[in-house]
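S.K.: Sharing a structure below in structure tokens format, with a few things to ask.
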Amino acid sequence: MEITCPTVVIGHEGSILLWYLPNAISQAYQQSEVWNSLGLLSIPLQCSLKSNGMGGWQNNGENFHNNANLKGTINLSPTWFQQGNDAHHPKASLLLQSTPQLKEVCEWLQCMAGLQAVLLGALCIMHPKMYLHGWEAITQLRSKAATWQDEDMEAVLPMWKLVYSSMSVMVNHTSPAHKDMNGQKVWLDTLLTVSNYLWLHFLFLELRIWLQYNLGTIIALAGSALVHQVDSVDGDQECLAYYM
């Protein structure tokens, strides 16, 4: 069943598993402010592409639009536990540490501040408890960063205008059917699609529904509870994905 109008899906336990808000962000704003700012991330996006299945499906070069001038997936977080790292406390993700691209990445975050305020306002309505818990966690981490003497975390947390702990920037990317493994079933991931393409669907295979994934659409979903998929697109497409 195809869905084109604002929709919520409620699970059998009474919790909302999906919010669908089509055309929530104006095309003029998303093109001028969101897509055009991607030039600041062009180097890390290009460096994120892996071959021969390396890096999982998120960074596998086969899952990106072949003819796209700009493509890749990067992850940003002011504080998370890094794989293969024995640190006893979370660290900023690599691109938010002291690297050659740090200035451009921080500038991009500042460009996104207005958009992210809109997305936070939506989350506050959709899931107020998660919103409040997210702010409490970020507030606690700001004090912990000083205690840990973590200069990277101290530098980036003041400019992290989100209650989400992490985000991904996915450009011209195809997402195979999957569930997100690290979230809780009551948590909502927030996705925004932008740029310039004609037609795309966001698929929920178990529910047997597909959402018309127009430009400027916001989807908030329980990513660890629902199998979801996004196919390839004829054009340019960027997805901003925010998650805990």
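Taken together, the values in this text are just the output of simple stated rules run on the coordinates, not laboratory data. From a predicted model like this one, the values you see are computed outputs, not experimental measurements. Here the Cβ positions follow ideal geometry from the backbone for every residue, glycine too, while neighbour counts run over all protein chains shown.
S.K.: Within the chain, which DSSP H helices have Cα atoms that stretch 20 Å or more along the helix axis and a mean Kyte-Doolittle hydropathy of at least -1.0?
M.R.: 128-148
S.K.: What does the charge dipole of the chain about its Cα centre add up to, to the nearest 20 debye, if the Cβ of each Lys and Arg holds +1 and the Cβ of each Asp and Glu holds -1?
M.R.: 280
S.K.: Here is a follow-up. Taking K and R as +1 and D and E as -1, what net charge do the other residues with C-beta under 15 Å from the C-beta of Cys106 add up to?
M.R.: With Lys, Arg at +1 and Asp, Glu at -1, the neighbours total -3.
S.K.: Sum -39500 (n - 2.57) across every DSSP H segment of at least 4 residues in the chain, then divide by the residue count to get the 222 nm mean residue ellipticity, nearest 500.
M.R.: -7500 deg cm²/dmol
S.K.: Cβ under 12 Å from Asp189's Cβ, Asp189 left aside: what net charge do those residues give with Lys, Arg +1 and Asp, Glu -1?
M.R.: +1
S.K.: Please give the net charge around Asn60, taking every other residue with its beta carbon less than 13 angstrom from that of Asn60, where Lys and Arg add +1 and Asp and Glu add -1.
M.R.: +1
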